[in-house]
1. Could you check the spin-label model distance between B:Thr87 and B:Val135? Points 7 Å from the Cα along Cα→Cβ, value in nm.
2. Can you give the local net charge around B:Ser116? Use residues other than it whose beta-carbon is closer than 12 angstrom to its beta-carbon, Lys and Arg +1, Asp and Glu -1.
3. Can you sort B:Glu9, B:Glu74 so the residue with the fewest Cβ neighbours within 10 Å comes first?
4. List the lysines whose Cα sits under 29 Å from the Cα of A:Lys5, skipping any in the same chain fewer than 8 residues away.
5. Would you kindly give the portion of the calculated P(r) for region B:1-48 that falls above 14 Å, as a percent of all Cα pairs?
6. Could you state the number of Å between the C-alpha centres of region B:72-127 and region B:32-46?
7. Considering the Cα trace of chain B, what is its radius of gyration and what is Dmax, both in angstroms?
8. Do me a favour and compute the ellipsoid semi-axes for region B:29-93 from its Cα gyration tensor, root of five times each eigenvalue, largest one first, whole Å.
Amino acid sequence: MSYSKRAILVRRLLNGTKHGTILWEVTPEDEVFQTSIPNYSIRITYVRRLSDGSGAPVTDYIIQIYNQDARLIEEFSDVELSGETDDDTLAYGQMEEIYNYARRGALGLDKALDDILEALGPDLDNPGRLPF
Amino acid sequence: MDTITKLFESTVFGNILNLIGILISIVGFAITIRTALKSRTAAQAAQESVQKVREDIKRVNAVVEFATALATLEEIRRLHRAAAWHTLLERYANLKTLLVSIRTANADMPDPYKTSIQGALTQLSQMETQVERFVMSQQNMPDALKFNMVVSKQIDSLREILVEIQNSIGA
């Protein structure tokens, strides 16, 4: 299996995001989320377009990298990335997953759900069920 | 008198005097080394104190700069609410310059601090771009509420850093 650096970056971003070592934050732009390291920032978002062939709507996930001057230095979509790995669908799946996890984390969805569930009290239909 | 003279002239007495002289030299040498070591330790301690003062001064400067950055962010929040887009462009630029200056002057700051500054710089740059586009085209007015949500997070993040640096002064 061959991977470019961008493909490795996406895989590492996914692992870090899933395990909570990479934290994402909201931005003023809708559906754009950002994470940073000491000298770079990474943003993820998506665009919708019509497929070239069927004309059906498709979603392209995009990753942008900004340098320490906050200048955009790299931008690529899952479509471009799919050409850099042996699996055509891997890039889309990974970037979609990063986006979804980033969105959940940035918007605090998991914490919100936990707080709501706690406020609702015990699950009366399943009293023996553990709360986690 | 003859006895004393004989004593002074005797070899044994000479050897005893030599031995006493050697002992005195050894003791004197030991005292000199001990004094020198004490002086070196004192000099090292003085050097360390000076270094500590330098670092504290650096931290005080950093606190002042972070406080200025926070004040500017608060002003940016007010300007967003007032939709003062032209004035905002200047504030964004000033704040970005200040954040870069903080980062450069404190190159040895912990990575989490650098990460917060990097995050703030990127957010500010993107807001600046949006505002610039609006000012030029008068289309797609920026959403002040969303902008301020981001600014508020940056304020929280930088304030945390300021408090940590403040607490480390003199510690």
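1. Taking the simple label geometry, B:Thr87 and B:Val135 are separated by 1.3 nm.
2. Details: positive: B:Arg103, B:Lys114, B:Lys153, B:Arg159; negative: A:Glu25, B:Asp111, B:Asp156, B:Glu160, B:Glu164.
Net of charged neighbours comes to -1.
3. B:Glu9, B:Glu74
4. Partners found: A:Lys18, B:Lys114.
5. Values: 767 of 1128 pairs.
The proportion of pairs with Cα distances above 14 Å equals 68 percent.
6. If we compute the Cα centre of each part, the gap is 48 Å.
7. 34.5, 123
8. Values: eigenvalues 608, 11, 3 Å².
Semi-axes (√(5λ), whole Å): 55, 7, 4.
Each value in this text was obtained by applying a stated rule to the coordinates, not by laboratory testing. All of these numbers come straight from a predicted model, not from anything done at the bench. Using ideal geometry, Cβ is built from the backbone for each residue, glycine included, and neighbour counts are taken over all protein chains shown.
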